[in-house]
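Below you'll find the structure, written out as structure tokens, and then a few comments.
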Amino acid sequence: MKDQKTLYKEAMHVLKETSRTFYIPITFLKNDLKMSVAAAYLAMRAIDEIEDHEMLSNDIKFDLLTATSELLNTDFDAEAYAALLAPYAEQLPEVSLRLADWLIFCPEGARNIVQASTSEMAFGMANWAKAKWQVHTREDLDDYTYYVAGLVGTMLSELWAWGADIQTDRELAIGYGRGLQAVNILRNQHEDMNERGVSFVPDGWTRDDLFAYAEENLAKADLYMKDINKRTVLLFCRLPLALAHKTLKAMQDGREKMTRAEVEQTVEEIQVPGTQTIHDNS
């Protein structure tokens, strides 16, 4: 078994390679909370890569995600997980193959939180893979965005309570996740339809309706922030939210996304003290 120092270095490397957008805010966090959120992101990305994989059939995705969900509901048998993925090891990325490592890397006190949330996410993703991601109603959209993103919000809220004694509203946490996911859906709407034959837009909805859905949930995310009184956690939460708001505005202005320069400027702005009332007792 690898020592924690080696695992930390490898986990942060994979995190940075997998998503710079989340790597940056995670670096704002401290000690056990930083490791817990990093492990949580990697665990959820591990199953997300299975759900999104272009070469796996929906039936295989359902089987893999269902079995992974069940393994996460127990002490997690690393050998059983490796055997489960073995037939597809050549196709799946490192982040998926090393799920057991991310759980070992996670501080023991937070591991149950991360495993339970990732298990629930895998269960929901499995069912959506079986349903071929066909969204027809607002309820469908709410269900899908809960499993792939709202659960990230509720898990983070549990981690804030565990690691920083911060109490937040569960429904607002779900709104935070949904808001970020709605922006992603808007960004990828045409690509999802043209390349995957998938639409996350309810029947009868226009693109304006989807914008309204995103704005409604981002407003909940703004309210969610008001309960957070530790600077490092607030910095973590502010960056993805600021990027979502600005990406939404860019699309409303007719652009596909923010420029790299705008992203870098936002990262700098978030770290400037005084741009939002925060109590530095982190």
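Would you mind calculating the relative contact order of region 84-161 from Cα pairs under 8 angstrom and at least 6 residues apart, reporting the percent as a whole number? Can you show the working numbers first?
Numbers: 24 pairs, mean separation 25.8, N = 78.
Computed value for region 84-161: 33 percent relative contact order.
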Q.
Can you tell me what percent of all Cα-Cα pairs in the chain are more than 36 Å apart?
A. 12 percent
Q: Enter the accessible area per residue of region 1-97 (Å², integer; probe 1.4 Å; all protein chains in place).
A: 52 Å²
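Which translational diffusion coefficient, to the nearest whole µm²/s, is obtained for region 121-196 from the Stokes-Einstein equation, given a Kirkwood hydrodynamic radius over C-alpha pairs, 4 °C and 1.567 mPa s? Show your work: numbers first, answer last.
Working: Rh = 13.3 Å.
My calculation gives 97 µm²/s for D.
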Q.
Explain nothing, just compute: Karplus ³J(HN,Hα) = 6.51 cos²θ - 1.76 cosθ + 1.60, θ = phi - 60°, for every residue of region 68-83 in order, whole Hz, x for Gly and Pro.
A. 5, 4, 5, 5, 5, 7, 10, 6, 6, 8, 4, 5, 5, 5, 4, 5
Q: Please work out the C-alpha center-to-center distance from region 87-117 to region 201-242 and express it in whole Å.
A: 27 Å
Q) How far apart, in nm, are two points set 7 Å out from the Cα along the Cα-to-Cβ line at Asn194 and at Asn229? A) 5.0 nm
Q: Just subtract the alpha-carbon distance of Lys9 and Gln134 from 0.36 nm times their residue separation and send over the number in nm, one decimal.
A: 41.1 nm
Q: Starting from the Cα coordinates of region 172-228, work out the convex hull volume and express it per residue in Å³.
A: 74 Å³
Q) Per the helix-only calculation at 222 nm, which mean residue ellipticity applies to the chain, given -39500 (n - 2.57) for every DSSP H run of n ≥ 4 and division by its residues, nearest 500 deg cm²/dmol? A) -22500 deg cm²/dmol
Q: May I ask for the distance between the Cα centers of region 1-76 and region 143-168, given as a whole number of Å?
A: 16 Å
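How much of the accessible area of region 152-282, probe 1.4 Å, is carbon plus sulfur, in whole percent? Mind dumping the intermediate values first?
Values: 3040 of 6640 Å².
The C+S portion of the solvent-accessible surface of region 152-282 is 46 percent.
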Q) So what is the relative contact order of region 143-197, in percent, for Cα pairs below 8 Å that sit 6 or more residues apart? A) 40 percent
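What does the convex hull of the Cα atoms of region 93-243 come to per residue, in Å³, rounded to a whole number? Walk me through the numbers before you get to the answer.
Working: hull volume 18.6 nm³, N = 151.
Spelled out: Cα convex hull of region 93-243, divided by residues, is 123 Å³.
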Q) How would you order 231-240, 49-58 from highest to lowest mean count of nearby Cβ atoms within 10 Å? A) 231-240, 49-58
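If I take R0 = 22 Å and measure r between the Cβ atoms of Glu264 and Glu17 in this structure, what FRET efficiency does the formula 1/(1 + (r/R0)^6) give, to the nearest 0.05? Could you put the intermediate results ahead of the total?
Working: r = 19 Å, r/R0 = 0.85.
So the FRET efficiency works out to roughly 0.70.
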Q | Computed over region 56-109, Kirkwood Rh from alpha-carbon pairs, angstrom | A | 11.8 Å
Q. If contacts are Cα pairs under 8 angstrom and at least 6 residues apart, what is the relative contact order of the chain in percent?
A. 18 percent
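If you take all C-alpha pairs in region 11-96, what percent of them are over 20 Å apart?
On the way: 1418 of 3655 pairs.
Beyond 20 Å sits 39 percent of the P(r) for region 11-96.
The values are calculated or read from the model by the stated rules, or taken from the named source; none is laboratory data. Owing to the predicted nature of the structure, the values given are computational and were not obtained by experimental measurement. Every residue, glycine as well, gets a Cβ built from its backbone with ideal geometry; the counts of neighbours run over all protein chains shown. For the accessible areas, the whole protein counts, side chains as well, though only heavy atoms, and no ligand, DNA or RNA atoms are used. Shrake-Rupley method; radii C 1.70, N 1.55, O 1.52, S 1.80 Å.
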